[in-house]
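Below: one structure, written as structure tokens.
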Amino acid sequence: MTTVTYPRGMPLTEAVLDHVAIAVDDVDAAVSHWLGRGAVPVGGGEAPAFRSEQVRLGNGAKLELIGRTTGEPSFIDGYLERFGPGRVHHVTIKVGTSLAQAIEELDAEGIQTVDRNESYPHWHEAFVRPSVVGGMIVQIAWASGTDADFAERSGRPAPQSPDPAAPHLLALQMTHVDPPAARALWSAVGATVTDDGNGGFEAQWPASPMVVRVAPGERSGPVGLVVPGLAPGERTDVAPVLLGV
């Protein structure tokens, strides 16, 4: 990887890549799959339209598994019908200040957000459209506390530190038809972007254990996750495509 970096124009304040989310058919099976490989549970919850659970891997990176509930139809139904289970749905960027300031900073960079929601006291969110990101959603979120705080409020055990020997989630791999446009987007959401010498780049956030890697491609969208130590293979109902280092 080269040392050519692109400074942020007006980055999100104190932004960090918090987790990557995978759409699955069976949340319980997906969680069991990853816990069986050494991940530890972080927390989750159920809304009328979907359910989510998060696990933490050996290097501290978080993976969220999102799926259907028995309640009302939701976005996850259409997503699973269109793409099938095991595909990356979104990444979440947490900001250290208010959601309002984050949206203002993104607006200044020409990046519009949608579906802004500040109705919950401890979690505010908005989204960057897949058409802007390139086949995937970026969630911009502000949280009032840590994962341990959320667990306590929901009556769950405090999250434990993962076993360092558990698999490490190093990167989300993507392709994009217009790498310069993608570079601008990831820079705007707080990443430092470094060229890889092959027309692509790597986006990294301070204190984030995983990165986003973007390569030129005929299509834009997520390709898979880089998790060394697990056999690379095709997407399954409970796990995304796993890639080599």
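Taking L169, L12, L80 as the candidate residues, the one with maximal mean-square fluctuation in a Gaussian network model of the chain, Cα springs under 10 Å, is L80.
Ranking F127, F150, F201, F75 from most to least accessible surface, computed with a 1.4 Å probe over the protein chains only, gives F75, F150, F127, F201.
Comparing mean-square fluctuations of A23, A181, A166 from a GNM of the chain with C-alpha springs under 10 Å, the top value falls on A181. Most mobile of E152, E46, E81 per a Gaussian network model of the chain (Cα springs, under 10 Å)? Of E152, E46, E81, the most mobile in the Gaussian network model is E81. Restricting to the chain, what percent of DSSP beta bridges are antiparallel, rounded to 5? Percentage antiparallel, nearest 5: 70. Here the sum of -39500 (n - 2.57) over DSSP H runs of 4 or more residues, divided by the residues of the chain, equals -5500 deg cm²/dmol at 222 nm, to the nearest 500. Think of a 1.4 Å ball rolled over the protein heavy atoms: the chain then has 46 Å² of accessible area per residue.
Using the Kyte-Doolittle scale, find the helices of the chain whose mean hydropathy is at least 1.0 and whose Cα atoms extend 30 Å or more along the helix's long axis, counting only whole DSSP H runs.
none
The values are calculated or read from the model by the stated rules, or taken from the named source; none is laboratory data. Since the model is a prediction, treat every value here as computed from it, not as a measurement. When the accessible area is computed, the model is the full protein with side chains, heavy atoms only, and any ligands, DNA or RNA have been set aside. Shrake-Rupley method; radii C 1.70, N 1.55, O 1.52, S 1.80 Å.
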